[in-house]
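Structure first, commentary second.
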Amino acid sequence: GGSYPQKNAEILSSQYGINLFLAGLLLTFAWAVHAVGISKSHLLSYLITLMLIQLLWMLWYLCRSCMQRRLIRDKDTHAGARWLKCGITLFAVITLILDSFKIGYYIDFSNCLSPAEGIFPVTHAVHTILQVYFLWCHAKDVIQSFKTLERFGVIHSVFTNLLLWTNGVLTESKHQLNEHKERLITLGFGNITIVLDDHAPQCNCTTTTLCSIFSQGIYYLYPFNIEYHILASTMLYVLWKNIGRKVEHHQQHKTPFKFHGITVGMIFGLIVLTSTIAIVVVYLIQIGRSKIKSELALTMFYLHAIFVLALMCTAGIVALLIYRLEDRSLDNSKNPARKLDAELLVGTAAGSWLLSWGSILAIICAQAHPKYTWYNLPYSVLVIIEKYIQNLFIIESIHREQEKVNDDIKTLRIVTISRGSTLSLTPSYKEIYNGRAAHEIGEVPCLFEGSICGRENGGAKEERGQENSSVVHSASDFSFYSRNSVTNNKRRVLKNIAAFLFLCNLSLWIPPAFGCRPEYDNGLEEIVFGFEPWIIVVNLAMPFSIFYRMHSAASLFEVNCKT
């Protein structure tokens, strides 16, 4: 009977959040298409109101938690990992720099900008600071009091961050689209109607140099702002799912990240990362300069991406084969954070799959095929296959139970008193392990040369010599070391694969996040589907594709820690 009102509260709060989001989404869309009577100040005022409400709720929650700090609270040990908190803190710091640029931009154009454009970055900066502090202190909380009120407060925070993410995605996409249209004008595409979507202020800047720095710098910082808000919304969603949950109290094994044993994966991953940065720089310099330079830039991008994706597919297949050779059970316990990770991997991968299938269909249906467009076919196919394989690897990895025996064989110091004297003995873990097996059949093996051995039934004790002890242990020692060596080798390979894929996903996040988007620039899809329809598809799918790479990198980091 007690769960019924709580289930109703969950449904009501989720519907509240969805309606909040849809209203903001419609307002954002109206501003984007220049709807009559809707200006940017209306959108920003709505977002400012949502942020202020969230600030009030967070302050109330923090004050209540401070007053009850002596109470023992339930915690979800799987939620709010330290590396995730460090990641969101990094993105938040860059977001604060973005807010400072927006404040400077508003000061320079204050004569023709609405006050909302000045209030928004200030409110957003305060919101960012308090929210990061809140997530650091309370991301693991399992709320058991004021549950109905807290559900509405947390879900309000989730959808506020989603709307801020949507606003950032739209602003950044409009900027990328304008740059793309300018490149098409330079290349002389006369068969495509091109109208620049300009939201620039209708007045002169007070300081030209600073205005240029602020206006250009803002768009290079938007990718980090976008990742910050989507990470915050996912962490808050896990907090919402944990409200009223009964937590199983069991010890959580700490999984620190170690560089030991992943040298090969890190080296190959850093090579991919370095080469990707170089490719992006060359691409952004060459694209749009002339037709020949643009085609060379596209060819260079496709060849590099094909090589990287092929390596990632191979690494993922090797990891899955290793898993097939192991016989380890899966952890099917209730875990909202793990479930959300798996759903986000599959859901956001659909963005890349949509773009890839669009490119494949365009190549098949197009009447003319410039040479560089043929590289788009294997690239699109590999994007689909690589995400299939990587999703399988990550989802299985986060569901596999951790090994309870540490990789490093620890030694136990045993002090035994014999005949009135104290002996310091150091048998290894494998001797204790083998001793346990012998104990099950009624014997307790000798732990050291000349030791006193006993039987389980409490029989008389007798001394055994070195020769007899070594014979007893020789076979079991060899078997243990063989099994341990094979297991360690498998784990080492898996850790290197996870480290390599982690850096590769970071590498593949960089090009679309910073404007290297061949889906815009190769022109084939725009000819087949039409300019406006294809641009709509790209603008809808690209944010999910970008988020997929960052979320995959975060998940692979966790896999590396667990392996």
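The values are calculated or read from the model by the stated rules, or taken from the named source; none is laboratory data. Here the structure is a predicted model, which is why all the values come from computation and not from measurement. Quick reminder, even Gly has a Cβ in these numbers, built from the backbone with ideal geometry, and neighbours come from all protein chains shown. Heavy atoms of the whole protein, side chains included, go into the accessibility calculation; ligands, DNA and RNA do not. Shrake-Rupley method; radii C 1.70, N 1.55, O 1.52, S 1.80 Å.
Using a probe of 1.4 Å, the accessible surface attributed to SER100 totals some 60 Å² when neighbouring protein chains are kept in position.
Non-local lysine pairs in segment 1-247, meaning eight or more places apart or on different chains, with alpha-carbon distances under 18 Å, amount to 16. Only protein atoms count toward the accessible area here, which uses a 1.4 Å probe; on segment 1-247, the carbon and sulfur part of that area reaches 66 percent.
With Cβ to Cβ distances under 12 Å as the rule, what net charge do the other residues near LYS7 carry (K, R +1; D, E -1)? Provide the component values of the computation, followed by the final result.
Working: positive: LYS147, ARG151; negative: GLU10.
Residues near LYS7 contribute +1 overall.
Ranked from largest, the principal axis spans of the Cα set of segment 1-247 equal 67, 33, 31 Å.
Residue by residue, segment 147-158 carries 3J(HN,Hα) couplings of 5, 5, 4, 5, 4, 5, x, 5, 5, 4, 5, 4 Hz when phi is fed to the Karplus relation 6.51 cos²θ - 1.76 cosθ + 1.60 (θ = phi - 60°); x denotes Gly or Pro.
Write out the trypsin sites (Lys or Arg not before Pro) in segment 41-111 meeting two conditions: DSSP loop, and at most 15 other Cβ atoms within 10 Å of their Cβ.
Working: sites: ARG64, ARG69, ARG70, ARG73, LYS75, ARG82, LYS85, LYS102; in loops: ARG69, ARG70, ARG73.
The qualifying sites are ARG69, ARG70, ARG73.
With every protein chain kept in place and ligands, DNA and RNA left out, what is the accessible area per residue of segment 1-247? Probe 1.4 Å, answer in Å². List each step's numbers first, then the result.
Values: 11790 Å² over 247 residues.
Ligands and nucleic acids excluded, the figure is 48 Å² per residue.
Expressed as a whole percent, the accessible surface of segment 503-563 that belongs to carbon and sulfur atoms is 74, based on a 1.4 Å probe.
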